[in-house]
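For reference, the structure is listed below as structure tokens.
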Amino acid sequence: DPTATPVPDPTATPVPDPTATPTPTPVVPGPLPERDNDVLPHVFVGSVTIGGLAVPDGTSVTVWIADYNRPVGSDTTSGGTYSVLAHQYGTGSFSGRTLIFKVNGQDTGEIGTWVTGEATILAISLD
């Protein structure tokens, strides 16, 4: 006479409530504060090319920090080269901040790190 094995009652599996996916808030750059003339700027110099060729004289080179709606430094090229003073703005230090380089308003993908009084040779280019 086989012994019957008890069959457990099925237990309902709780269904979790769906979690809302947060929508990322776009970061809108704010206004550039006043320039701090008591802090030495970081100077960047180098060649500028587009598609491997030297850019024409007068090509715009700008240096940006993502938080601001205006560049922290700008120059126009001469002889295929640029020289930009990236100034300190506002009361907080730019030390260690990432700088973004643009040619004629287009992001080059080149970046630098701001250091007071430094001079850096940096070739920038667009494809």
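How much net charge surrounds Thr81 when only the other residues with a Cβ under 14 Å from the Cβ of Thr81 are counted, with Lys and Arg +1 and Asp and Glu -1?
With Lys, Arg at +1 and Asp, Glu at -1, the neighbours total -2.
Amide H contacts of Leu99 (H built 1.01 Å from N, in plane; Pro and chain starts excluded): Gly112, Thr113, Trp114 sit under 5 Å, all sequence-distant by 5 or more or on other chains.
For Val48, neighbours were defined as the other residues whose beta-carbon sits under 15 Å from its Cβ, and their charges (Lys and Arg +1, Asp and Glu -1) total -4. Each Lys or Arg adds one and each Asp or Glu takes one away; over the other residues whose Cβ falls under 15 Å from the Cβ of Asp127, this sums to -1.
Working from Cα pairs under 8 Å separated by at least six residues, relative contact order for the range 76-127 is 28 percent.
Were the residues from Ala54 through Ser83 laid out at 0.36 nm apart, the gain over their Cα-Cα distance would be 9.0 nm.
Listed peptides 119-126, 69-76 appear in the order 69-76, 119-126 once ranked by packing, highest mean of other Cβ atoms within 10 Å at the front.
For the range 23-110, the Kirkwood estimate of the hydrodynamic radius, built from every pair of different alpha carbons, is 13.9 Å. For the chain, the relative contact order comes to 29 percent (Cα pairs under 8 Å, sequence separation of at least 6).
Once the C-beta distance of Leu40 and Ile111 is scaled by a Förster radius of 22 Å, the resulting FRET efficiency is 0.60 to the nearest 0.05. When nucleic acids and ligands are ignored and a 1.4 Å probe is applied, Val115 ends up with an accessible area of around 60 Å². The distance between label points at Ala123 and Asn104 comes to 2.0 nm (points 7 Å beyond Cα on the Cα→Cβ vector). Full extension of the chain between Ser95 and Ala12 yields a length gain of 24.1 nm, computed as 0.36 nm times the residue separation minus the alpha carbon distance.
The values are calculated or read from the model by the stated rules, or taken from the named source; none is laboratory data. Quick caveat, the model's predicted, so the values are computed rather than measured. Don't worry about glycine lacking a Cβ; one is built from the backbone with ideal geometry, like all the others, and counts go over all protein chains shown. Surface accessibility is based on the protein's heavy atoms, side chains included, excluding ligands, DNA and RNA. Shrake-Rupley method; radii C 1.70, N 1.55, O 1.52, S 1.80 Å.
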